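Enquirer: Dropping a structure here in structure tokens format, bear with me for questions.
The values are calculated or read from the model by the stated rules, or taken from the named source; none is laboratory data. Since the structure is predicted, the reported quantities are computational estimates derived from the model, not experimental observations. All Cβ positions, even for glycine, are placed from backbone atoms using ideal geometry, and neighbour counts span all protein chains on display. Surface accessibility is based on the protein's heavy atoms, side chains included, excluding ligands, DNA and RNA. Shrake-Rupley method; radii C 1.70, N 1.55, O 1.52, S 1.80 Å.
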Amino acid sequence: MQIPFNKPYLTGKEGHYLYQAVFSGKISGNGLFTQKCHEAFQKRYGFRKVLLTTSCTDALEMAALLIDIKPGDEVIIPSFTFVSTANPFILRGAKVVFADSLPDHPNMDTSKLEELITPRTKAIVPIHYAGIACDMDEIMALARKYNLYVIEDAAQAIDSYYKGKPLGSIGHFGAFSFHETKNIISGEGGMLVVNDERFEKRAEIIWEKGTNRAAFWRGEVNKYGWVDVGSSFLPSELIASFLYAQLENIDVIQQKRKRIWKTYYNLLSVLQDEGFAQLPCIPSFSSNNAHIFYLVTNSLEERTELINFLKERDVLTVFHYLSLHSSPYFTDKHDGRELEYADLYSDRLLRLPLYYELSDEDLKFIVNSIIEFYGIKVDAFLEPLVNSQ
Ligand SMILES: Cc1ncc(COP(=O)(O)O)c(C=O)c1O
């Protein structure tokens, strides 16, 4: 049987809560399960204000609206990211300025950010790749110095921390994804975290199509109407009820994912020791939420061969982002700077299967297959290592 790259995990309560939501008589947005999710996220992570959205893309669009992005504004984002980090700003007419990745990590190289800042720069959007934190102290220091907004694209970063602070809670805003590939899921889904109180009220209005309906439901106003721009960013109760079941089980999910991640790391570290591939590097300031386990191969050709080799053994592995600065949409808009490391990760990064139900047997098979691909003779110690995790 094929080992997929990802398999959505159901904790068991999703159907039950969905049933409750369906028969509660209110299945549109901002109902009981939305409130339960908001409270649970706020309690667990100390987030100031959270709003569930239908995707991380939507959460980023809300942030772009909240900081009034306009034509002529510049926004710095890494090139090695998903299109959703860029689109919300492009849609509002901003110029996106791409930053390169670090030599030893796909995250943006914060030591080179200052040279990208101009009088038109309005925001920096770091992404915490694989749930590993960017150097937020450096980013926030630049934001203070140049009066910029920071929107953390924390799509992959639920339950991960920078120097003990939850990711998504450090910039002015944090945007999370609960797409089915993430650690906790609701099919499609997301969340905006508003850390700066100046934006709290307006965030709620933009979330509800530019109306003050949220305040109306709380009984703060006696009628609601059109008070600002906005869109329909809030998810239905069906999504929120599903997400709530996942959120209740986040510790169990995380424990299992971390165990798989650690097993990969221990068993595959021989690749790094022998110079065959790089393994993920976790800076001391970051925790690891075990969102992705990846290898960085020595060349594009080698990665393609490894993907095909594993596919022949029914193991599905996938590469990740293609540098946005050289994408068909952006290439003629880019300023021509070479972004060496963004291109390197586009060409050489390979993600291995990582999901709750990945069995030890499959894990061992994947590791053995990779070791076999590189022709290393280490079979003898694989078994005890897997079993000792
Ligand atoms: C870094 C990053 N930002 C944003 C998104 C968009 O998330 P969503 O699919 O929830 O809109 C993704 C998607 O995986 C992502 O990887």
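Enquirer: With respect to R351, is the statement that it is under 19 Å from the mean Cα position of the chain (by Cα) and either under 30 Å from V97 (Cα atoms) or in contact (Cβ under 8 Å) with a residue 60 or more places away in the chain (or both) true? First the steps, then the outcome.
Expert: Values: under 19 Å from the mean Cα position of the chain (by Cα): yes; either under 30 Å from V97 (Cα atoms) or in contact (Cβ under 8 Å) with a residue 60 or more places away in the chain (or both): yes.
Yes, satisfied.
Enquirer: Pull up segment 73-96, narrow it to residues that are in a helix (DSSP H, G or I) and small (G, A, S), then point me to the one that is surrounded by the fewest Cβ atoms within 10 Å (Cβ to Cβ).
Expert: Taking the candidates together, the pick is S84.
Enquirer: When you scan segment 136-170, how many residues do you find that are part of a loop (DSSP other than H, G, I, E, B), farther than 17 Å from I77 by Cβ and not small (G, A, S)? So that I can check it myself, show each step before the final result.
Expert: First pass over segment 136-170, keeping only residues part of a loop (DSSP other than H, G, I, E, B): 147-148, 154-160, 163-164, 167-170.
Filter once more, so that each one left must be farther than 17 Å from I77 by Cβ: 147, 158-160, 163-164, 169.
Those still in the list that are not small (G, A, S) too: 147, 158-159, 163.
Selection size over segment 136-170: 4.
Enquirer: How many of the residues making up segment 153-165 are open to solvent by less than 20 Å² (accessible area, probe 1.4 Å) and more than 10 Å from the ligand (Cβ to nearest atom)?
Expert: Here the count works out to 4.
Enquirer: If you don't mind, another one. Yes or no: segment 100-116 includes at least one residue that is of a type in the set (A, V, I, L, M, F, W, C), over 30 Å from L238 (Cβ atoms), part of a loop (DSSP other than H, G, I, E, B) and within 16 Å of the ligand (Cβ to nearest atom). Step through it out loud before you land on a result.
Expert: So in segment 100-116, the residues of a type in the set (A, V, I, L, M, F, W, C) come out as 102, 108, 113, 116.
In the following step, the residues that additionally are over 30 Å from L238 (Cβ atoms) were identified as 102, 108, 113, 116.
Imposing the further condition that a residue be part of a loop (DSSP other than H, G, I, E, B) reduces the set to 113.
With within 16 Å of the ligand (Cβ to nearest atom) added as a condition, the list becomes none.
The answer is no; no qualifying residue exists.
Enquirer: Give just the number: which of (1) assigned to a loop (DSSP other than H, G, I, E, B); (2) within 16 Å of the ligand (Cβ to nearest atom); (3) closer than 24 Å to D335 by Cα does A133 not satisfy?
Expert: (3)
Enquirer: Mind telling me which of the residues G25, G12 ends up being out of contact with any Lys or Arg (no Cβ under 9 Å at 6 or more places or on another chain) and at pLDDT below 95?
Expert: Within the list G25, G12, the selection yields G25.
Enquirer: The conditions are (1) out of contact with any Leu (no Cβ under 9 Å at 6 or more places or on another chain); (2) within 25 Å of K49 (Cα to Cα), and D73 fails exactly one of them. Which is it?
Expert: (2)
Enquirer: Let me ask something additional. For T57, are the conditions met, namely being within 14 Å of the ligand (Cβ to nearest atom), of a type outside the set (A, V, I, L, M), under 25 Å from P283 (Cα atoms) and assigned to a helix (DSSP H, G or I)?
Expert: Here the answer is no, as T57 does not meet what is asked.
Enquirer: Can you tell me which residue in segment 184-199 is nearest to the chain's Cα centre (by Cα), limited to those that are more than 9 Å from the ligand (Cβ to nearest atom), over 11 Å from P8 (Cβ atoms) and open to solvent by 10 Å² or more (accessible area, probe 1.4 Å)?
Expert: Only one residue fits best here, namely N195.
Enquirer: Which of the numbered conditions does G171 fail, given that it passes all the others? Conditions: (1) within 12 Å of the ligand (Cβ to nearest atom); (2) buried (at least 24 other Cβ atoms within 10 Å of the Cβ).
Expert: (1)
Enquirer: Residue under question is F23, and the condition is that it be of a type in the set (F, W, Y), surrounded by fewer than 19 Cβ atoms within 10 Å (Cβ to Cβ) and in contact (Cβ under 8 Å) with a residue 24 or more places away in the chain; does it hold? Working first, answer last.
Expert: Values: of a type in the set (F, W, Y): yes; surrounded by fewer than 19 Cβ atoms within 10 Å (Cβ to Cβ): yes; in contact (Cβ under 8 Å) with a residue 24 or more places away in the chain: no.
When the stated conditions are applied, F23 does not pass them.
Enquirer: Are there any helices (runs of 4 or more DSSP H) wholly within segment 225-331 with 1 or more residues that are of a type in the set (V, I, T) and either open to solvent by 70 Å² or more (accessible area, probe 1.4 Å) or closer than 30 Å to H16 by Cα (or both), and if so which? Lay out the reasoning, then the answer.
Expert: On the way: elements: 237-248, 250-273, 300-312.
Result: 237-248, 250-273.
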